[in-house]
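Since the structure comes first, as structure tokens, the remarks are kept for the end.
Just so you know, all these numbers are worked out from the coordinates, no wet-lab data involved. In this text the structure is predicted, and so the values were computed from the model without any measurement. Quick reminder, even Gly has a Cβ in these numbers, built from the backbone with ideal geometry, and neighbours come from all protein chains shown.
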Amino acid sequence: MSDLFLYGTLRHEPLLHRVLGRDANALSMDAAILPDHMVYAVQGQDFPMILQEARANAQGILVRGLTAEDLARLAFYEGGFDYDLEPVTVVLQDDSEASAQVFYPAPGAWIPSDPWSLQNWVDRLGEVTTLAAEEEMAYFGKVDARTMSRSMPAIQTRAWAKLFARQRKTGDPRKLAEDVVVHRHTRAYVDYLGLEEIELQHRQHDGSMGPVLSRNALLQGSAVVVLPYDPVRDTVLLVEQFRTPLFLIDDPEPWMWEPVAGMIDPGETPEQTAYREATEEAKITLEKLEYAGGAYSSSGSSTEYVYLYVGVGELTETTEVGGVETEGEDIRTQILPFEEFMNLVDQSVFKDLPLLTLAHWLARHRDRLRA
């Protein structure tokens, strides 16, 4: 049995429960402080780090009696964030001392920012982080923690998309608890994409339960696609980049012209993503967004939901060096007069479905936007 001092996100009991795979209420937990330490937010991230700092007290909880299995699961979870266990002495509320272990960040792995607040984090990201932990911990014992760290941003993006999906109701009276029966659900693969396998039955249109079906799906986050349009100059802007799936299917032209696009990061709204991606990919600033609808991009194989926008702004310059270098993006842009753009659409030059959808939406609303 081991005792652990938790100072960060794992103080959130729903997350701790998910990571341990058992009820956190069954654990012995006491409020404690780690003297001469301070908890800071990690620069550019949504989790904290702890650092030695004289005359400061890091608030946290002491969790007692953790099993070897518990420690292994915690190390797997924290290992994905580049943290290691080290021994410390903490002070309890009655001023007694206790030996424990604490997750310290690997030296030089992160840069501290402002002091970190547990409540602020719970309000913003507690739910999505707990949901992401469900997917991450499904790979405990299958994938090592260092490999898992590469997948964490995408896992968190998928969890954020799942929260959006749960709100996507249109009035269908059928109830999942009564009309879908799951026999087996397996998370088979994780990386930038996730692959899940499932065996299920669903109620058929005649009212009976159908046969057991074996299906799989690519798990992806939600995406934003925005076509920049300049109503004064009557022009659109397109981006071009290499697309690996096109290459894998033997398409001889895997460099594809598309609208601006990107995944919705945890904590972002679709609109915030649209503005951010326009700046990152095309180096432009949009004045406003026109919502053109939202839909699943390929409901038979993928969970990706796409929010479509036409972004209104001034289009005067192109770039040969767009995109985020750390994400391997190599993007160039071009500006086309609307009539030339639509002629290329009619000639089936473009291969991107969201681009075609937005082209036809813009054709219907162009006069309004120009007015």
Task: For region 1-97, alpha-carbon Rg over 2.2 N^0.38 Å - done: 1.06
TODO: With unit charges on the beta carbon (Lys/Arg positive, Asp/Glu negative), name the residue among Val190, Gln201, Val180 whose Cα is farthest towards the positive pole of the charge dipole of region 169-219.
DONE: Val180
Open item on the list: Give the separation of the Cα centroids, region 133-173 to region 279-329, in Å.
Closed with: 23 Å
Open item on the list: Rounded to the nearest 20 debye, what is the charge dipole size of region 103-159 about its Cα centre when +1 sits on each Lys and Arg Cβ and -1 on each Asp and Glu Cβ?
Closed with: 220 debye
TODO: Scale the Cα Rg of region 133-264 by the rule-of-thumb value 2.2 N^0.38 Å and send over the ratio, two decimals.
DONE: 1.40
Open item on the list: Let's see if you can work this out: charge +1 on each Lys and Arg Cβ, -1 on each Asp and Glu Cβ, no other charges. What is the dipole magnitude of region 169-219 about its Cα centre, in debye to the nearest 20?
Closed with: 120 debye
Task: Mean Cα-pair separation over length for the chain, i.e. relative contact order, pairs under 8 Å, 6 or more apart, % - done: 12 percent
- [ ] Mind putting a number on the dipole of the chain about its Cα centre? Charges go on the C-beta only, +1 for Lys and Arg and -1 for Asp and Glu, and I need it in Debye to the nearest 20.
- [x] 1100 debye
TODO: Against the globular-protein guess of 2.2 N^0.38 Å, express the Cα radius of gyration of the chain as a ratio, rounded to two decimals.
DONE: 1.18
Task: Percent of C-alpha pairs per 5 Å bin, region 232-371, short to long - done: 2, 9, 18, 23, 24, 16, 7, 2, 0
Open item on the list: Below 8 Å, C-alpha to C-alpha, sequence gap of six or more: please give me the relative contact order for region 223-370 in percent.
Closed with: 31 percent
Open item on the list: Could you list Leu16, Leu195 so that the one with the fewest beta carbons within 10 Å of its beta carbon is first and the one with the most is last?
Closed with: Leu195, Leu16
Task: Nearest-ten-degree value, helix 353-370 long axis tilted from longest Cα axis of the chain - done: 70 degrees
Task: When each of Lys162/Lys288; Lys288/Lys351; Lys169/Lys283; Lys142/Lys351; Lys162/Lys351; Lys169/Lys288 is checked by Cα-Cα distance, pairs over 31 Å - done: Lys169/Lys283; Lys142/Lys351
TODO: State the answer as a single residue: which of Phe350, Phe164, Val88 lies farthest towards the positive end of the charge dipole of the chain, with beta carbon charges of +1 for Lys and Arg and -1 for Asp and Glu, about the Cα centre.
DONE: Phe164
Task: Rounded if a/c under 1.5, otherwise prolate or oblate - region 289-356, Cα gyration tensor axes - done: oblate
Open item on the list: Explain nothing, just the number: relative contact order of region 85-195, from Cα pairs under 8 Å at least 6 residues apart, as a whole percent.
Closed with: 19 percent
- [ ] Assuming a ≥ b ≥ c are the square roots of the Cα gyration tensor eigenvalues, decide whether region 137-205 counts as rounded (a/c under 1.5), prolate (otherwise, with a/b larger than b/c) or oblate.
- [x] oblate
Task: Proxy reagent accessibility, fewest Cβ within 10 Å first, across Glu258, Glu287 - done: Glu287, Glu258
Task: Whether region 1-50 is rounded, prolate or oblate, judged on the alpha carbon gyration tensor where a/c under 1.5 counts as rounded - done: oblate
Task: Exposure proxy order (Cβ contacts within 10 Å, fewest to most) of His12, His205 - done: His205, His12
